[in-house]
Amino acid sequence: MDSQPEVHTFLNNEPVQSIQEMKKAIAHIQQQYEKYGIGRLGVIEKSSNQWIGWTGFKYIDELENGRIGFLDLGYRFRTESWGKGYATEAALACMQYYSEQLTHFEVHAITHTANLGSRHVLEKVGFQVTEEFHFDLWNIPCYWYDLTIDQSTN
């Protein structure tokens with residue numbers, strides 16, 4: 001998935017070129033689990049039992065859009081899985097877990113302004129655009145999303 005150029009269209013980065021690059025990304029996810037008890041999760045397609053992508057939360061411990069110390073909801077899927085509702089289903093499952101276990105954290109989301117698919121998913125699961133900003137890390141225009149449902153509901 002991370003080697004598919006289309007997956008990186010709105011990320012402003014290059015597809016993974018080596019196993020070493022992927023190991024570095026996996027190590028970061030493992031550190032998130034160890035330090036904060038959360039991280040990205042693999043998504044398996046029920047009908048084929050094939051890995052199709054990931055979803056989950058990342059704890060943001062470096063300044064993003066003037067903020068720090070929050071959960072970022074994210075997801076990424078193989079191109080063959082786009083448009084089938086998997087991102088929405090996975091994001092809804094994440095938000096259910098959030099409402100049951102993680103409400104002591106703020107949760108936000110960020111997406112490229114032109115990424116209509118991702119924007120649609122975020123709005124379907126309870127997020128609303130609250131500002132547009134320039135994301136320096138990716139050097140792209142982004143929307144900042146706040147959760148519009150009651151974050152304290154369990």
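So here's what we get for this one:
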quantity: Residue that is at pLDDT below 95, aliphatic (A, V, I, L, M) and in contact with a Leu (Cβ under 7 Å, 6 or more places away or on another chain), where the choices are 102, 137, 147; calculated: 102
quantity: The lone exception for residue 76 - which of (1) surrounded by 13 or more Cβ atoms within 10 Å (Cβ to Cβ); (2) in contact with a Pro (Cβ under 7 Å, 6 or more places away or on another chain) it fails; calculated: (2)
quantity: Answer from 55, 88 - the residue that is of a type in the set (Ser, Thr, Tyr) and touching a Leu at 6+ places or on another chain (Cβ under 8 Å); calculated: 55
quantity: The listed residue being surrounded by fewer than 16 Cβ atoms within 10 Å (Cβ to Cβ), of a type outside the set (Val, Ile, Thr) and touching a helix residue (DSSP H, G or I) at 6+ places or on another chain (Cβ under 7 Å), out of 124, 84; calculated: 124
quantity: Filtered residues of the range 34-60 (kept if modelled with pLDDT under 90 and over 15 Å from the mean Cα position of the chain (by Cα)); calculated: 36, 37, 51
quantity: Residues of the range 61-85 classified as of a type in the set (A, V, I, L, M, F, W, C) and at pLDDT 90 or above, total; calculated: 4
quantity: Of residues in the range 23-46 being outside any helix (DSSP H, G or I) and touching a strand residue (DSSP E or B) at 6+ places or on another chain (Cβ under 8 Å), the one surrounded by the fewest Cβ atoms within 10 Å (Cβ to Cβ); calculated: 42
quantity: Qualifying residue in the range 66-73 (condition: within 13 Å of the chain's Cα centre (by Cα) and touching a residue at least 40 places away in the same chain (Cβ under 8 Å)); calculated: yes
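The values are calculated or read from the model by the stated rules, or taken from the named source; none is laboratory data. Since we're looking at a predicted model, the values are computed, not measured. Cβ sites come from the backbone with ideal geometry, for glycine too, and all protein chains shown count toward neighbours.
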